[in-house]
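Report on the structure given below.
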Amino acid sequence: MGRDPVLLRLTVRTHPYFISLEGGEGVGKSTQARRLAEALRARGLDVLLTREPGGSPGAEAIRSLLLEGDANRWSPGAEALLFAAARADHVAKTIDPALARGQWVICDRFVDSSRAYQGIAGEVGDAAIQNLHRIGSGGRLPDRTLVLALGDAAAAARADVRDAGRPDRIGGRDARFHARVAEAFRAIAHGDPDRVRLIDANGSEEQVTERLLAALSDLLS
Ligand code: TMP
């Protein structure tokens, strides 16, 4: 017996995707992750909004270890391992179960943050980060990654306002480090243009959300 064509269309339309939002400090990523989740829900999609480091009880506990305390609390290798461990728990306990339930997943940062911050701008190297990701999370990648990009000065000014002069352990690194992070995200986008799209983060919140939706149009049709 053939399937009801209306049901079939609904089944196709609700195929869930895993989307990550990335970018340096102060680009408006968390606001846009929230706005994007709302825009997708308004289209009738079931959406889980989550974040890294964190997104599961174990990973949220690791988040505090990573973001609080002395700037030199962890060696570069230990820091990369902690991010990979948090991510492994997040994928296993939150992301994969949500996708299996049919929910879209919008994730505020994922492995490309480790590649940019610890791998390329930091001392660990991109290949080592990708190895850790294979070990921890089976090399899981989002279906689409949206990198918000803003000039370094504009991003630093926004981050200052957001953090009220009290950035976290990694956000508080110097301007040269954050410029390398921004450049790393651009390199990651150029290296994988099918998955990773650079999005101009200038303009109003509404304009930026429209650009994000446009970069997902093939997944939404
Ligand atoms: P947030 O500001 O988006 O909450 O992110 C917390 C900080 O953690 C931010 O400075 C970026 C940093 N980070 C890494 O260095 N590597 C990672 O893999 C992730 C997910 C975040």
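Looking only at region 108-122, how many residues end up being out of contact with any Phe, Trp or Tyr (no Cβ under 6 Å at 6 or more places or on another chain), farther than 14 Å from residue 177 by Cβ and not β-branched (Val, Ile, Thr)? Adding up the residues that qualify gives 5.
Exactly one residue out of 187, 127 is closer than 30 Å to residue 68 by Cβ, under 17 Å from the mean Cα position of the chain (by Cα) and not charged (D, E, K, R), and it is 187. For residue 52, the requirement of being within 18 Å of residue 177 (Cβ to Cβ), among the acidic types (Asp, Glu) and surrounded by 17 or more Cβ atoms within 10 Å (Cβ to Cβ) is not met. State yes or no: is residue 89 in contact with a helix residue (DSSP H, G or I) (Cβ under 6 Å, 6 or more places away or on another chain), closer than 20 Å to residue 186 by Cβ, part of a helix (DSSP H, G or I) and modelled with pLDDT of 95 or more? No: the conditions fail for residue 89. Within region 129-154, the set of residues being buried (at least 19 other Cβ atoms within 10 Å of the Cβ), under 12 Å from residue 111 (Cα atoms) and hydrophobic (A, V, I, L, M, F, W, C) comprises 129, 132. Among the residues that make up region 144-155, is at least one of them of a type in the set (S, T, N, Q) and closer than 22 Å to residue 67 by Cα? No; the residues of region 144-155 include none that is of a type in the set (S, T, N, Q) and closer than 22 Å to residue 67 by Cα. Restricting attention to region 50-80, the residues that are outside any helix (DSSP H, G or I) and of a type in the set (Val, Ile, Thr) total 1. Here's a check for you: in region 41-94, which residue that is in contact (Cβ under 8 Å) with a residue 12 or more places away in the chain, under 20 Å from residue 133 (Cα atoms) and among the charged types (D, E, K, R) is nearest to the ligand (Cβ to nearest atom)? By that ranking, first place goes to 52.
Mind listing whichever residues of region 159-177 are more than 14 Å from the ligand (Cβ to nearest atom) and at positive phi?
From region 159-177, those more than 14 Å from the ligand (Cβ to nearest atom) are 165, 176; that's our starting set.
Once the filter is applied, which keeps residues that are more than 14 Å from the ligand (Cβ to nearest atom) and at positive phi, region 159-177 yields only 165.
The values are calculated or read from the model by the stated rules, or taken from the named source; none is laboratory data. Owing to the predicted nature of the structure, the values given are computational and were not obtained by experimental measurement. Counting neighbours? That spans all protein chains shown, and the Cβs are built from the backbone with ideal geometry, glycine included.
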